[in-house]
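Student: The structure follows.
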Amino acid sequence: MADETQYDARLRSEELRSLINYHNYRYYVLDDPEVSDDVYDSFMNELREIETEYPELITPDSPTQRVGAEPVAAFGVVEHRQPMLSLSNCFTDDDLEAWHRRTSGLLGYSDFELVTEPKVDGLAVSLVYEDGKFVQGATRGDGRQGEDITANLRTIRSIPLSLHGEYPQRFEVRGEVYMTKSGFEQMNEERAERGEPIYANPRNSAAGSVRQLDPRITASRPLHVYVYQLGWCEGEFPQRHWEILRWLSGMGFRTHPESALHADMSECRERIGWWDELRERLDYDIDGVVIKVNDIRAWDELGVVGREPRWATAFKFPPQQRTTRLKAIRVNVGRTGAINPYAELEPVFVGGATVSQASLHNESDIHRKDIREGDTVIVQRAGDVIPQVVGPVTSLRKGDEREFEMPKTCPACDTALVREPEEVAYFCPNTEGCPAQQRRMLEHFGSRGALDIEGLGETRAALLSERGVVKRLSDLYYLGEDDLFALPEFRRKGDRKRGEEKDQEYLSEEGRNLLAGIEKSKSRPLPNVIFGLGIRHVGYETARLLADHFRSMQSLLDASDEELQDVEGIGPTVAQSLAAWTAEPRNRELVERLAAAGVTMEQEETAPADGKLSGLTLVVTGTLDTMSRSQAEERIREGGGKVASSVSKKTSAVVAGASPGSKLQRAEKLGVRVLDEDGFVQLLEQGPAALEETGGE
């Protein structure tokens, strides 16, 4: 009898899951519900009761599992089987026409169909399905690797857990997770009522929501998704993008209803204008329109340049602007001591976010634009770009506006400010004793582009710096549990559920996570370490050039000013800044302490041994049309080749763009093969054989 009862429960649970998934599809994807909320709720309650009594009947795709599971310890890494690419941008009709002309030239014909879709401002995700079941979800990450956020994505109701109709055995789709404006406003109102900080804008809130370690938090957020593309697929699929969108919709995916098919570019331009007029009235943010070649077979023929496909582009709308009152001009201190003016504004909603502060660049820019405190000013914001003050509305001046004067001393340490010759900005020279610089430097060191230390954000960096726990960057790696436990912010009371004494205090989970993040950061690659040191004028790309050239931190420290200038891409200003930094004994001591703590100090060889360019050494010089020099060098490394900074007899070929300089002359003198850009692209595709047939000299 018991077996019979369980059998009936199994049949009923399967029936309920099918019913609920169908009604989810009607409500969340088609926006066309067939039953009332109370009927839907009765189905859900009945299924929960069955699964509570028979837990063995719970399936991963059950609608009851969307509420979120237990918090995961950390995100795993997902290798994208097919890279998630970035799109090139067009800002004018001329840009768009140039893209179409290049695409036509590569295809050999211009009468190809195009598809337009709104560029929803959210977070790109990868969704993998096996046998009709959602099995893996990931962020875009760096395009090749993303974070495993499967548990979080399961909570978004417009992502189907089970598909219907005909579907391939295994395939991947790409989509955009976003938050509606109305949902964002309601969420902020509720947070404000609870006394919690409010969020800045829907895009950042959506991105942050799907990257929560606790899926239950994700489940509580008003998130939605539009699927915009097929990734990879094991099985047959339509060969036109427009048909793929309809094919995916038939399986249960939520594709954008206003995607459109066009016969030519003139229709695309009309559609872009239509979207530009409509975007203010939408309940979600878009920052442009995506245009794709419809024929999928042409995608392979057109290929990819760097990380951008030739078969698609994004027409970006101009930044949105509003006017508001500039209450005051303040200054803050950057990590290198630069004094940066910023505007304190009457709050204004622009570009999808409420803005109360905006960038003013520097003192010269303020005076050039004649921006004054008390002015009505034009504020501009686009996407994630920092809001900017475009200029004043001088016709609205009342006569009591005040001209800005740069302070004479540092607002953080009261040290007299200095301004170097030919420099625009003022600086605080108190690099060792200025608390603002130390706090900013620590924050930068732990940022994602540098050492990527989980838990070391703006608030924690300020806490550790202001309490004197971390006085120099290297102090991080000598922290212990006792050091953090000394700070009340890292202590918690015991929990009897964990078998701990109720009144006993313990190091918090945040404290343990911070120590784990510091330990993990020791393995970050050398370019990230160099960038993390915060050397003036040294961004990440420069740090990578230095790491590739010198191969170790010690070699970089020992390099002369002349040797630094010999590095491709390093000019006199950067070389002088580096030489001054490495000459300081305290900076050398910092590097020594970091090395002693186990932080990476050597550049690893990462090029694949079996790539098409394996065994080749290439030099890139001049300006290329379709990719930057750093992108070209990355393509070489990805293909297994080596990138050299100078030409020698061992150089396999020199890739020469416009204005190549002395390296081209040296290549000609040594008889080294020179490739133009087309020849380089052929080399990437064909390997060494292309050296016998490519264009060039």
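Student: If a residue has to be surrounded by 13 or more Cβ atoms within 10 Å (Cβ to Cβ) and either more than 31 Å from the chain's Cα centre (by Cα) or in a helix (DSSP H, G or I) (or both) to count, how many in the range 441-466 make the cut?
Tutor: 12
Student: Going residue by residue through the range 374-381, is there one that turns out to be over 22 Å from HIS361 (Cα atoms), surrounded by fewer than 19 Cβ atoms within 10 Å (Cβ to Cβ), outside the structural domain of TYR284 (by TED's automatic domain parsing) and polar (S, T, N, Q)?
Tutor: no
Student: Please determine whether any residue of the range 390-404 is among the aromatic types (Phe, Trp, Tyr), closer than 21 Å to ALA328 by Cα and either surrounded by fewer than 20 Cβ atoms within 10 Å (Cβ to Cβ) or out of contact with any His (no Cβ under 6 Å at 6 or more places or on another chain) (or both).
Tutor: Yes, the conditions are met somewhere in the range 390-404.
Student: Could you please tell me which pairs satisfy a Cβ distance under 6 Å, a separation of 6+ or placement on different chains, a first residue in the range 42-63 that is touching a residue at least 60 places away in the same chain (Cβ under 8 Å), and a second residue that is surrounded by fewer than 17 Cβ atoms within 10 Å (Cβ to Cβ)?
Tutor: Partner pairs satisfying both residue conditions: ASP61/LYS133.
Student: When residues of the range 527-545 are filtered for being modelled with pLDDT of 90 or more and farther than 21 Å from ARG586 by Cα, how many remain?
Tutor: 0
Student: Here's a follow-up. From the list LEU127, LEU107, which residue is touching an Asp or Glu at 6+ places or on another chain (Cβ under 8 Å), at negative phi and crowded, with 19+ Cβ neighbours inside 10 Å? Break it down into steps so the answer makes sense when it comes.
Tutor: Details: LEU107 fails: crowded, with 19+ Cβ neighbours inside 10 Å.
Unique residue meeting the criteria: LEU127.
Student: For the range 75-96, how many residues are in contact with a Lys or Arg (Cβ under 8 Å, 6 or more places away or on another chain) and assigned to a helix (DSSP H, G or I)?
Tutor: Within the range 75-96, residues that are in contact with a Lys or Arg (Cβ under 8 Å, 6 or more places away or on another chain) and assigned to a helix (DSSP H, G or I) number 2.
Student: Consider the range 287-308. How many of its residues are at pLDDT 90 or above and under 19 Å from the mean Cα position of the chain (by Cα)?
Tutor: The total comes to 2.
Student: Looking only at the range 76-112, how many residues end up being of a type in the set (Asp, Glu) and either in contact with a strand residue (DSSP E or B) (Cβ under 6 Å, 6 or more places away or on another chain) or outside the structural domain of TRP311 (by TED's automatic domain parsing) (or both)?
Tutor: Selection size over the range 76-112: 1.
Student: Further question on the same structure: Assess whether ILE339 counts as being more than 24 Å from PRO429 (Cβ to Cβ), in contact with a strand residue (DSSP E or B) (Cβ under 7 Å, 6 or more places away or on another chain) and surrounded by 18 or more Cβ atoms within 10 Å (Cβ to Cβ). It would help to see each step written out before you state the result.
Tutor: Numbers: more than 24 Å from PRO429 (Cβ to Cβ): no; in contact with a strand residue (DSSP E or B) (Cβ under 7 Å, 6 or more places away or on another chain): yes; surrounded by 18 or more Cβ atoms within 10 Å (Cβ to Cβ): yes.
Considered against the rule, which asks whether it is more than 24 Å from PRO429 (Cβ to Cβ), in contact with a strand residue (DSSP E or B) (Cβ under 7 Å, 6 or more places away or on another chain) and surrounded by 18 or more Cβ atoms within 10 Å (Cβ to Cβ), ILE339 comes out as no.
Student: Contact list please: Cβ distance under 8 Å, first residue in the range 266-285 and outside the structural domain of SER182 (by TED's automatic domain parsing), second residue polar (S, T, N, Q) and at pLDDT below 90, pairs at least six apart or on different chains.
Tutor: none
Student: Residues in the range 185-207: is at least one at positive phi and assigned by TED's automatic domain parsing to the domain that holds GLY132?
Tutor: Among the residues of the range 185-207, at least one is at positive phi and assigned by TED's automatic domain parsing to the domain that holds GLY132, which makes the answer yes.
Student: Spot the failing condition for ILE366; the list is (1) among the β-branched types (Val, Ile, Thr); (2) in contact (Cβ under 8 Å) with a residue 40 or more places away in the chain; (3) under 23 Å from VAL333 (Cα atoms), and only one is missed.
Tutor: Just one mismatch for ILE366, condition (2).
Student: Next question, about the same structure. Residues that are closer than 21 Å to LEU85 by Cβ, β-branched (Val, Ile, Thr), in contact with a helix residue (DSSP H, G or I) (Cβ under 8 Å, 6 or more places away or on another chain) and in a helix (DSSP H, G or I): does the range 205-223 have at least one?
Tutor: Checked the range 205-223: at least one residue is closer than 21 Å to LEU85 by Cβ, β-branched (Val, Ile, Thr), in contact with a helix residue (DSSP H, G or I) (Cβ under 8 Å, 6 or more places away or on another chain) and in a helix (DSSP H, G or I).
Student: Could you go through the range 497-517 and let me know if any residue there is in a loop (DSSP other than H, G, I, E, B), within 26 Å of THR459 (Cβ to Cβ) and under 24 Å from the mean Cα position of the chain (by Cα).
Tutor: No, there is no match, as no residue in the range 497-517 is in a loop (DSSP other than H, G, I, E, B), within 26 Å of THR459 (Cβ to Cβ) and under 24 Å from the mean Cα position of the chain (by Cα).
Student: If you take the residues of the range 408-428 that are in a loop (DSSP other than H, G, I, E, B), surrounded by 13 or more Cβ atoms within 10 Å (Cβ to Cβ) and in contact (Cβ under 8 Å) with a residue 24 or more places away in the chain, which of them is nearest to the chain's Cα centre (by Cα)?
Tutor: Step by step, filter the range 408-428, then rank; the result is ALA425.
Student: Identify the residue in the range 248-263 that is part of a loop (DSSP other than H, G, I, E, B) and either touching a helix residue (DSSP H, G or I) at 6+ places or on another chain (Cβ under 9 Å) or free of Cβ contacts under 8 Å to residues at least 40 places away in the same chain (or both) and, among all such residues, is nearest to THR313 (Cα to Cα). Spell out the reasoning first.
Tutor: If we filter the range 248-263 for residues that are part of a loop (DSSP other than H, G, I, E, B), which is where we start, we get 252-259, 263.
From what is left, the residues that are either touching a helix residue (DSSP H, G or I) at 6+ places or on another chain (Cβ under 9 Å) or free of Cβ contacts under 8 Å to residues at least 40 places away in the same chain (or both) are 252-259.
Values: GLY252: 27, PHE253: 23, ARG254: 22, THR255: 19, HIS256: 18, PRO257: 20, GLU258: 18, SER259: 15 Å.
Only one residue tops the list, namely SER259.
Student: Checking the structure you have, find out if any residue of the range 615-638 is closer than 30 Å to LEU515 by Cβ and either outside any helix (DSSP H, G or I) or at pLDDT below 85 (or both).
Tutor: No, the range 615-638 contains no residue that is closer than 30 Å to LEU515 by Cβ and either outside any helix (DSSP H, G or I) or at pLDDT below 85 (or both).
Student: Among THR150, THR155, which is the only one that is modelled with pLDDT under 95, among the hydroxyl-bearing types (Ser, Thr, Tyr), in contact with a helix residue (DSSP H, G or I) (Cβ under 6 Å, 6 or more places away or on another chain) and more than 23 Å from LEU302 (Cα to Cα)?
Tutor: THR155
Student: For the range 271-307, give me each residue that is over 17 Å from LYS181 (Cα atoms), touching a Lys or Arg at 6+ places or on another chain (Cβ under 8 Å) and among the β-branched types (Val, Ile, Thr).
Tutor: Result: VAL289, VAL290, ILE296, VAL304.
Student: Collect the residues in the range 158-204 that are at pLDDT below 80 and part of a loop (DSSP other than H, G, I, E, B), keeping them in residue-number order.
Tutor: Within the range 158-204, ARG194, GLY195, GLU196, PRO197, ILE198, TYR199, ALA200, ASN201 meet the criteria.
Student: Additional query: Search the range 482-496 for residues being touching a Lys or Arg at 6+ places or on another chain (Cβ under 8 Å) and either modelled with pLDDT of 90 or more or in a helix (DSSP H, G or I) (or both), and hand back the single one that is farthest from ARG448 (Cα to Cα).
Tutor: ARG496
Student: Here are GLY141, GLY165, GLY137: which of them is of a type outside the set (Lys, Arg), in the same structural domain as ASP214 (by TED's automatic domain parsing) and surrounded by 22 or more Cβ atoms within 10 Å (Cβ to Cβ)?
Tutor: Working: GLY141 fails: surrounded by 22 or more Cβ atoms within 10 Å (Cβ to Cβ); GLY165 fails: surrounded by 22 or more Cβ atoms within 10 Å (Cβ to Cβ).
From the options GLY141, GLY165, GLY137, the qualifying one is GLY137.
Student: Something else: Please pick out the residue among TYR199, TYR178 that is under 25 Å from LEU282 (Cα atoms), touching a residue at least 40 places away in the same chain (Cβ under 8 Å) and of a type outside the set (A, V, I, L, M, F, W, C).
Tutor: Answer to the check: TYR178.
Student: Provide a single number: the residues in the range 528-550 that are within 10 Å of LEU451 (Cα to Cα) and either part of a helix (DSSP H, G or I) or not assigned by TED's automatic domain parsing to the domain that holds TRP581 (or both).
Tutor: 5
Student: If you scan the range 581-591, which residues turn out to be closer than 15 Å to ASP558 by Cβ and part of a helix (DSSP H, G or I)?
Tutor: Across the range 581-591, the qualifying residues are TRP581, THR582, ALA583, PRO585, ASN587, ARG588, VAL591.
Student: So which residues in the range 280-294 are surrounded by fewer than 18 Cβ atoms within 10 Å (Cβ to Cβ) and either outside any loop (DSSP other than H, G, I, E, B) or hydrophobic (A, V, I, L, M, F, W, C) (or both), if there are any at all?
Tutor: As a first pass, look at the range 280-294 and keep what is surrounded by fewer than 18 Cβ atoms within 10 Å (Cβ to Cβ): 280-283.
Result: GLU280, ARG281, LEU282.
The values are calculated or read from the model by the stated rules, or taken from the named source; none is laboratory data. Because the structure is predicted, anything quoted here is derived from the model rather than measured. Methodologically, a virtual Cβ is constructed for each residue, glycine included, from the backbone with ideal geometry; neighbour enumeration extends over all protein chains shown.
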